[in-house]
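The values are calculated or read from the model by the stated rules, or taken from the named source; none is laboratory data. Note that the coordinates shown come from a computational prediction; the quantities given were computed from them, not determined experimentally. Heads up, the Cβs are rebuilt from the backbone with ideal geometry, glycines too, and the neighbour counts pull from every protein chain shown.
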Amino acid sequence: MNPLLTELEGRIPADLFNALATLPPSLALARIAYKRATPDTVRQRRGAFSTIKSEFLQYMANHHAENLRAMNLTDQSIEAMRLYGMFPQNRPGERMDMSVDHKRSLSMGGDNGFDNLMLLPDRFNALKDELEKAQRSDTTNTQASLITILPADPGDQIPFIPGGFAKASRKSKMPEHA
């Protein structure tokens, strides 16, 4: 068992632990420094994020089309991303299960630089958020690090997930696990 997963055992809810135990190979648990950002800094960075997100989606479409195809996006969807910087739709009005996520969360000192952004299916973004929240609620202000989910390849911005991006679902965002 992954030593970081072992460290989390008993400290997080069982369903979260089980979901983490079945992460796809392209995602890994990683320890990152925990440095709480000031509320003003977080507010400022969140405000700028919608513009950055659009630029990031265009960049991904222009420079990583093959990776997007591997995640089940059509050429038409990739072209729409390139032109408009918007999430592609499976059908008109049906957004794909896709999030632009910060590798290091804004609340933990992360920024909006492209090297801190990645595209993930919503369910893994939600899983990452739940993991970080569970640890923050179980800590004091003196905690120096947290365990989070990052691409197994640190430079990867579109980690390959079996099944790729699919139609967004209103059901639970937790990944299925055994």
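Can you confirm whether segment 12-20 contains a residue that is in contact with a Pro (Cβ under 6 Å, 6 or more places away or on another chain) and at pLDDT 95 or above? Yes: segment 12-20 contains one or more residues that are in contact with a Pro (Cβ under 6 Å, 6 or more places away or on another chain) and at pLDDT 95 or above. When segment 90-111 is limited to residues that are more than 15 Å from Ser77 (Cα to Cα) and of a type in the set (A, V, I, L, M), the one that is modelled with the lowest pLDDT turns out to be Met108.
Within segment 132-161, count every residue that is in contact with a Pro (Cβ under 8 Å, 6 or more places away or on another chain) and modelled with pLDDT under 90. Break it down stepwise before answering.
Step one: filter segment 132-161 for residues in contact with a Pro (Cβ under 8 Å, 6 or more places away or on another chain), giving 134, 151-153, 157, 159-161.
If we keep only those that are modelled with pLDDT under 90 as well, we get none.
Counting residues in segment 132-161 that are in contact with a Pro (Cβ under 8 Å, 6 or more places away or on another chain) and modelled with pLDDT under 90 gives 0.
Return yes when Asp111 is in contact (Cβ under 8 Å) with a residue 12 or more places away in the chain, among the charged types (D, E, K, R) and under 27 Å from Pro13 (Cα atoms) and no when it is not. In short, no.
Go through the residues of segment 112-121 one by one and say whether even a single one is surrounded by fewer than 19 Cβ atoms within 10 Å (Cβ to Cβ), modelled with pLDDT of 95 or more, on the phi < 0 side of the Ramachandran plot and of a type in the set (Gly, Ala, Ser). Scanning segment 112-121, I find at least one residue that is surrounded by fewer than 19 Cβ atoms within 10 Å (Cβ to Cβ), modelled with pLDDT of 95 or more, on the phi < 0 side of the Ramachandran plot and of a type in the set (Gly, Ala, Ser), so the answer is yes. Only a single criterion out of (1) over 23 Å from Lys128 (Cβ atoms); (2) β-branched (Val, Ile, Thr); (3) exposed (fewer than 13 other Cβ atoms within 10 Å of the Cβ) is not satisfied by Thr22, namely (1).
Among the residues here, Asn67 does not qualify as touching a Gly at 6+ places or on another chain (Cβ under 7 Å), more than 24 Å from Gln143 (Cα to Cα), in contact (Cβ under 8 Å) with a residue 40 or more places away in the chain and not aliphatic (A, V, I, L, M). When Met96 is tested against (1) among the hydrophobic types (A, V, I, L, M, F, W, C); (2) within 19 Å of Gly164 (Cα to Cα); (3) buried (at least 18 other Cβ atoms within 10 Å of the Cβ); (4) in contact with a helix residue (DSSP H, G or I) (Cβ under 7 Å, 6 or more places away or on another chain), just one condition goes unmet, and that condition is (4). Tyr34 satisfies every condition listed in (1) touching a strand residue (DSSP E or B) at 6+ places or on another chain (Cβ under 8 Å); (2) surrounded by fewer than 18 Cβ atoms within 10 Å (Cβ to Cβ); (3) not acidic (Asp, Glu) except (2).
Among the residues of segment 1-24, those identified as in contact (Cβ under 8 Å) with a residue 40 or more places away in the chain and assigned to a helix (DSSP H, G or I) are Leu4, Glu7, Leu8, Asp15, Leu16, Asn18, Ala19, Leu20, Ala21.
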